[in-house]
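Novice: Take this structure, written in structure tokens, and hold onto it; I'll ask about it next.
The values are calculated or read from the model by the stated rules, or taken from the named source; none is laboratory data. Nothing here was measured: the structure is a model prediction, and the numbers come from that model. Using ideal geometry, Cβ is built from the backbone for each residue, glycine included, and neighbour counts are taken over all protein chains shown.
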Amino acid sequence: MIRRIDLRGERSPGDSRDYRALVPRSPVDVDSALDAVRPICADVRDRGLAAVRELTARFDGVDIDDVRVPEAALDAAVDTLDGDVRSALEESIARARTVHDDQRRSDVTTTVVPGGTVTERWIPVERVGLYVPGGLAVYPSSVVMNVVPAQAAGVGELAIASPPQKSTGGLPHPTVLAACALLGVREVYAVGGAQAIATFAYGLRDETDATAWLCPPVDLVTGPGNVYVAAAKRLLEGRIGIDAEAGPTEIAVLADDSADPRHVAADLVSQAEHDPLAAAVLVTDSATLADAVEAELGLQVAATKHTDRVRTALGGQQSAIILVDDVEQGLAVVDAYAAEHLEIQTRDAAEVAARVRHAGAVFVGPYSPVSLGDYAAGSNHVLPTGGSARHTSGLSVQSFLRGVHVVEYDEPALRDVAPHVQALADAEDLPAHGAAVAARFTPGQGSEA
């Protein structure tokens, strides 16, 4: 069901191999999807709402008239929400607020010299589009994970897009709508996929009044999605800001022989059920554990609801059990993989986790499964995938803030540093830079009558 990669016995002292070439990856990547989404985004740019309607009919099988979800539908979704689900969402919101409220940075003013200050101000993005996927599963939790940090940052306008569903009359799933309403978001659009990202980037004009916006353009788009959503974000970055290219989900588990194979198998299955392209990777120095996990996968995959989807994901090129000599080599492998979700199920798990350098989020010990982070740990589950955790963070309050430096020098402070500015301007052969400072301290040349 799941292939093995054996790296045992290949390491030498001072091993400097690039494990990135050895870890499993999906054959479907963002680059391969760019050609598919480029005409979609161009169509939305050029034809607006008409293009969105046609694309929605083609990809979602839904004919829509108005892409804006009526506020009455948001209220009805809350009114009919199952009580246990509502309680769980409210708890998830509360825990996420506890964590994200602590992330808000304060403005800092530094006195560089007497009379010369630099203040770093943190200013929220003005308008944000939040994408909530809705293909093979329902993701009200992604509403929570997108909206809570944006609200904590003080974003002025929040709009949400989520794919329309045939079963709900062309609206996004009612649980998604209920989550929007619980969080106070009233601007919701029934649009999915690459066309949703293009809608946010270019905006949609009102068909009856070309001077009015049906959906104004946004400044930043956040949220997870499939590879085509990630490709659209990459294509349109620059016109809009993006959080990260959050493609198909992935989990890596670093485990030794102290791990419970049932837990490990269950966690691999839990992420594999997202998508046939989902990646599940176990890195272990214990062949005995590897055998036991593989046996458990046989039992658990057969018993789970989405057997075919899970089996496809586990059997894909993106998934594997990787055997290593020891936990030290295992750390090198998982750092090279840079997983979206990384579980540490070893002895001294906290100490091992503290040495991880590349991961979207790290889950420490047997009682911190990825599923906890998906819903109710308080952490954010919108995380970088495809190895981008080497350079990109998961979604947080900082994702919605811009640092702006405010410089204020008085006359004596500028006069004191003027010779240094002049020297550097001359060194760079930019004399007008130095002249701009000198002009403040030399008399102007008036015209003669």
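Novice: Going through the stretch 54-79 one residue at a time, which ones are within 18 Å of residue 134 (Cα to Cα) and outside any helix (DSSP H, G or I)?
Specialist: 61, 62, 63, 64, 67, 68, 69
Novice: Something else now. Only one residue in 118, 155, 128 is at pLDDT 95 or above and assigned to a loop (DSSP other than H, G, I, E, B). Which one?
Specialist: 155
Novice: Another question about this same structure. Output the number of residues of the stretch 80-105 satisfying the condition of being in contact with a helix residue (DSSP H, G or I) (Cβ under 8 Å, 6 or more places away or on another chain) and part of a helix (DSSP H, G or I).
Specialist: Residues in the stretch 80-105 being in contact with a helix residue (DSSP H, G or I) (Cβ under 8 Å, 6 or more places away or on another chain) and part of a helix (DSSP H, G or I): 11 in total.
Novice: So which strands (runs of 3 or more DSSP E) stay within the stretch 220-309 end to end and still have 2 or more residues that are surrounded by fewer than 24 Cβ atoms within 10 Å (Cβ to Cβ) and basic (Lys, Arg)?
Specialist: So the answer is none; nothing clears 2.
Novice: Let me ask something else about it. List the residue pairs whose Cβ atoms are under 6 Å apart, where the first residue sits in the stretch 260-275 and is closer than 18 Å to residue 365 by Cα, the second is in a loop (DSSP other than H, G, I, E, B) and at pLDDT below 95, and the two are 6 or more positions apart or on different chains.
Specialist: Pairs that qualify, where the first residue is closer than 18 Å to residue 365 by Cα and the partner is in a loop (DSSP other than H, G, I, E, B) and at pLDDT below 95, are 271/249; 271/278.
Novice: Criterion first (surrounded by 14 or more Cβ atoms within 10 Å (Cβ to Cβ), part of a helix (DSSP H, G or I) and under 28 Å from the mean Cα position of the chain (by Cα)) does residue 314 satisfy it?
Specialist: The answer is yes for residue 314.
Novice: I'm checking my understanding of the structure. Among residues of the stretch 332-375 that are under 18 Å from the mean Cα position of the chain (by Cα) and in a helix (DSSP H, G or I), which one is surrounded by the fewest Cβ atoms within 10 Å (Cβ to Cβ)?
Specialist: 372
Novice: Follow-up question, since we're still on this one. Among the candidates 365, 403, 373, 386, single out the residue that is at pLDDT below 95 and not β-branched (Val, Ile, Thr).
Specialist: 386
Novice: With the condition kept exactly as written, say whether any residue in the stretch 31-48 is touching an Asp or Glu at 6+ places or on another chain (Cβ under 7 Å) and modelled with pLDDT under 95.
Specialist: Initially, the stretch 31-48 is screened for residues touching an Asp or Glu at 6+ places or on another chain (Cβ under 7 Å), giving none.
Within the stretch 31-48, none of the residues are touching an Asp or Glu at 6+ places or on another chain (Cβ under 7 Å) and modelled with pLDDT under 95.
Novice: Within the stretch 246-268, track down each residue that is touching a Ser or Thr at 6+ places or on another chain (Cβ under 6 Å) and not small (Gly, Ala, Ser).
Specialist: 250, 256, 257
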